[in-house]
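Here's the structure, in structure tokens; my notes come after.
The values are calculated or read from the model by the stated rules, or taken from the named source; none is laboratory data. If you're wondering where the values come from, they're calculated on a predicted model, not measured in any experiment. Methodologically, a virtual Cβ is constructed for each residue, glycine included, from the backbone with ideal geometry; neighbour enumeration extends over all protein chains shown. For the accessible areas, the whole protein counts, side chains as well, though only heavy atoms, and no ligand, DNA or RNA atoms are used. Shrake-Rupley method; radii C 1.70, N 1.55, O 1.52, S 1.80 Å.
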Amino acid sequence: MQPVLDYLKKNEARFITELCDYLRFPSVSAQSKHTKDLAACANWLVKRCRDIGLETKLCPTEGNPIVVAKTPRRKGAKRPHFLVYGHYDVQPAEPFELWKTPPFEPRIEKGRVYARGSVDNKGQHLAHLNAVEAYLKTGTELPCDLTFVIEGEEEVGSKSLGGFLKKNIKELRCDAVVISDNGLPSVDLPALTYALRGILAVEVILHGPSRDLHSGIFGGALDNPAMALCQLLAQLRDKNGRIAIPGFYADVTPLSAYERKQLARLPHKDREMAKFLGVPELFGEKGFTATERRSARPTIEINGLTSGYQGEGSKTIVPSWARAKLTFRLVPNQKPDKIRDAVLKQLKKLCPPTVRMEIKAGHGGEPYIVSPKGAQAQAAMRALKSAFGREPILMREGGSIPIVNDFKKHLGADTLLLGLSLPDDNPHSPNEKFDLACYTAGMRMDACLWQELSTV
Ligand code: BES
Ligand code: ZN
């Protein structure tokens with residue numbers, strides 16, 4: 001192992017340069033104008049994997065290609081097989097004007113690299129690839145076989161990957177999946193995440209008059225779709241922060257006393273968080289702490305709300321339509337299909353007869369939970385401890401990586417979530433960054449992980 005760790009240290013500067021090269025591709029999967037950039041980014045990754053010494057394929061899909069890279073297989077003895085998952089697509093960088101420097105021109109400042117995709121997720125999976133390079137280039141024998149699966153559609157719901165896994169079960173079946181696409185409380189407090197929330201996206205459009213109308217001439221004689229939408233959305237959450245949809249909480253698995261104790265160990269102060277987020281006060285479901293609310297309780301969020309005239313000055317109209325994009329985060333045992341039915345039923349019930357409602361039910365993803373007490377989870381905890389030099393804690397995360405359920409369903413494997421993202425890294429926001437201390441600790445963690453995991 002020491003040669004691997006020495007190699008990682010010696011090559012640190014190059015690993016940072018390569019991360020910056022990777023970050024220059026504007027691989028934004030939500031925007032079709034970037035399709036070519038996604039392909040170019042995937043090609044860069046293929047070359048990088050081949051340079052490391054991995055047997056690498058670029059697998060086309062109906063969407064963006066998937067990169068599959070394997071460590072050289074050894075004939076004879078069967079060894080454990082682990083899969084490392086990541087995504088090379090990134091979120092849109094808008095609003096550009098809020099970035100201190102352009103999102104696809106990486107900038108290094110005070111030990112952090114600033115760029116869209118730096119933490120979500122290019123830097124995190126590159127840390128794993130670098131560690132494997134260290135094994136292969138130093139001739140240190142890996143105790144297991146590894147397959148990297150890096151996709152280009154995670155930020156838009158992983159539409160191709162589920163089918164791809166199903167078609168390639170034989171090749172991809174593995175003993176565990178390892179993902180770093182989530183967070184840790186601080187560099188001094190590494191963590192194993194054992195649960196993720198699921199998601200359900202719904203778009204509601206209220207259609208009013210067939211065209212925008214003069215609000216002085218017609219206002220008062222008909223409903224205003226923007227007002228109707230506000231009133232409708234306001235009824236979806238009560239004053240205690242609970243979602244007011246019949247049956248919504250029916251399947252929620254309550255948090256155990258053990259879990260509440262674990263979550264309470266996470267560093268958190270309401271006032272500090274409010275300051276960090278720029279809000280006067282925190283808000284959330286009554287009876288739960290902020291940590292519980294954002295990781296282990298279901299939520300409703302309005303992600304976008306649009307209607308009427310938003311340009312300079314005023315324009316006195318009754319708008320023709322109003323629309324809102326909503327997402328619900330779901331917790332273990334809630335089923336996106338069942339929740340979708342309950343949500344649609346309630347939306348229809350609340351819709352007044354004065355407007356016409358159109359609903360677009362979008363992507364859904366199941367929540368995920370795995371026992372943190374299992375042997376693989378414990379092995380991952382040991383790897384975290386060696387790499388970060390601190391005792392790791394257990395946590396749940398509020399974000400979603402729906403594909404982890406497909407790994408379980410198709411490949412029979414649990415996922416170990418070993419996040420390298422710090423709370424202030426700004427994923428999906430302007431000035432996203434990745435801390436180079438997490439990058440290097442991530443490489444060491446990966447190096448230790450295969451040793452620990454292969455013995456259980
Ligand atoms: N890396 C995130 C998921 C994440 C973030 C997990 C923080 C845990 C903690 C991932 O790239 C992401 O943004 N996922 C989407 C999923 C959606 C598009 C289906 C999300 O959570 O909004
Ligand atoms: Zn993301």
If you take the residues of the stretch 419-447 that are in contact with a helix residue (DSSP H, G or I) (Cβ under 6 Å, 6 or more places away or on another chain), open to solvent by less than 20 Å² (accessible area, probe 1.4 Å) and assigned to a loop (DSSP other than H, G, I, E, B), which of them is farthest from ligand 2 (Cβ to nearest atom)?
L420
Might you let me know whether the stretch 403-420 holds any residue that is within 12 Å of ligand 1 (Cβ to nearest atom) and among the acidic types (D, E)?
no
May I ask you to list the residues in the stretch 421-438 that are within 16 Å of ligand 1 (Cβ to nearest atom), touching a Leu at 6+ places or on another chain (Cβ under 8 Å) and not small (G, A, S)?
L422, P430, F434, D435, C438
Six or more apart or on different chains, Cβ under 7 Å: which pairs go from a residue in the stretch 50-70 that's within 21 Å of E141 (Cα to Cα) and part of a helix (DSSP H, G or I) to one that's open to solvent by 10 Å² or more (accessible area, probe 1.4 Å) and among the polar types (S, T, N, Q)? Could you list them?
R50/T56
Tally time: how many residues in the stretch 187-212 are within 16 Å of ligand 1 (Cβ to nearest atom) and either of a type outside the set (G, A, S) or at pLDDT below 95 (or both)?
11
Could you list all residues from the stretch 289-316 that are in a loop (DSSP other than H, G, I, E, B), within 23 Å of the chain's Cα centre (by Cα) and not charged (D, E, K, R)?
T289, A296, P298
Within the stretch 403-412, identify whether any single residue is within 16 Å of ligand 2 (Cβ to nearest atom) and touching a helix residue (DSSP H, G or I) at 6+ places or on another chain (Cβ under 9 Å), and answer yes or no.
yes
Entirely in the stretch 143-245, the strands (runs of 3 or more DSSP E) that have 3 or more residues that are out of contact with any His (no Cβ under 9 Å at 6 or more places or on another chain) and touching a residue at least 60 places away in the same chain (Cβ under 8 Å):
191-196, 198-207
Got at least one residue in the stretch 279-293 being of a type outside the set (K, R), farther than 30 Å from S215 by Cα, touching a His at 6+ places or on another chain (Cβ under 7 Å) and within 16 Å of ligand 1 (Cβ to nearest atom)?
yes
Could you identify the single residue in F25, F82, F15 that is modelled with pLDDT of 95 or more and in a strand (DSSP E or B)?
F82
I'm told Q451 meets every condition in (1) closer than 19 Å to P332 by Cα; (2) of a type in the set (S, T, N, Q); (3) surrounded by fewer than 22 Cβ atoms within 10 Å (Cβ to Cβ) except one. Can you identify the failing condition by its number?
(1)
